[in-house]
1. Among the numbered conditions (1) touching a strand residue (DSSP E or B) at 6+ places or on another chain (Cβ under 9 Å); (2) not in a loop (DSSP other than H, G, I, E, B), tell me where residue 60 comes up short.
2. Filter the range 30-82 down to the residues that are at positive phi and either exposed (fewer than 11 other Cβ atoms within 10 Å of the Cβ) or without any contact (Cβ under 8 Å) to a residue 24 or more places away in the chain (or both) and list them by number.
3. Just give me the residues in the range 12-29 being in a loop (DSSP other than H, G, I, E, B), surrounded by fewer than 16 Cβ atoms within 10 Å (Cβ to Cβ) and in contact (Cβ under 8 Å) with a residue 24 or more places away in the chain, in sequence order.
């Protein structure tokens, strides 16, 4: 499965939570209502994480990023090319 880097810019995030609604596996809100990428253990809060995902999960991830009203989510492929926003 391909690996992607998910980055959330906490300065741009307004806590709209549309990303969480669309893809709760890859996005959660912290105590400050900022989106983050959850990890292992579940209390590991990071604004950037490398994930290994299927093609179907990739589609959901992109939809979640597209739903962000402030474009606070950035997605990069394994080679570092920015996938979203394009």
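1. Among (1) touching a strand residue (DSSP E or B) at 6+ places or on another chain (Cβ under 9 Å); (2) not in a loop (DSSP other than H, G, I, E, B), residue 60 violates only (1).
2. Within the range 30-82, 33, 80 meet the criteria.
3. Keep residues of the range 12-29 that are in a loop (DSSP other than H, G, I, E, B), which gives 12-17, 23-27.
Narrowing the set further to residues that are surrounded by fewer than 16 Cβ atoms within 10 Å (Cβ to Cβ) leaves 12, 14-15, 24-25.
Scanning the range 12-29 gives 12, 14, 25.
Yes/no per residue for (1) under 14 Å from residue 71 (Cα atoms); (2) at pLDDT 95 or above; (3) in contact with a helix residue (DSSP H, G or I) (Cβ under 9 Å, 6 or more places away or on another chain):
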site: 2; (1), (2), (3): no, no, yes
site: 6; (1), (2), (3): yes, yes, yes
site: 16; (1), (2), (3): yes, yes, no
site: 23; (1), (2), (3): no, yes, yes
site: 31; (1), (2), (3): no, no, no
site: 41; (1), (2), (3): no, no, no
site: 44; (1), (2), (3): no, no, no
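The values are calculated or read from the model by the stated rules, or taken from the named source; none is laboratory data. These numbers come from a predicted model, not from an experiment. Virtual Cβ from ideal backbone geometry, glycine too; neighbours counted across all protein chains shown.
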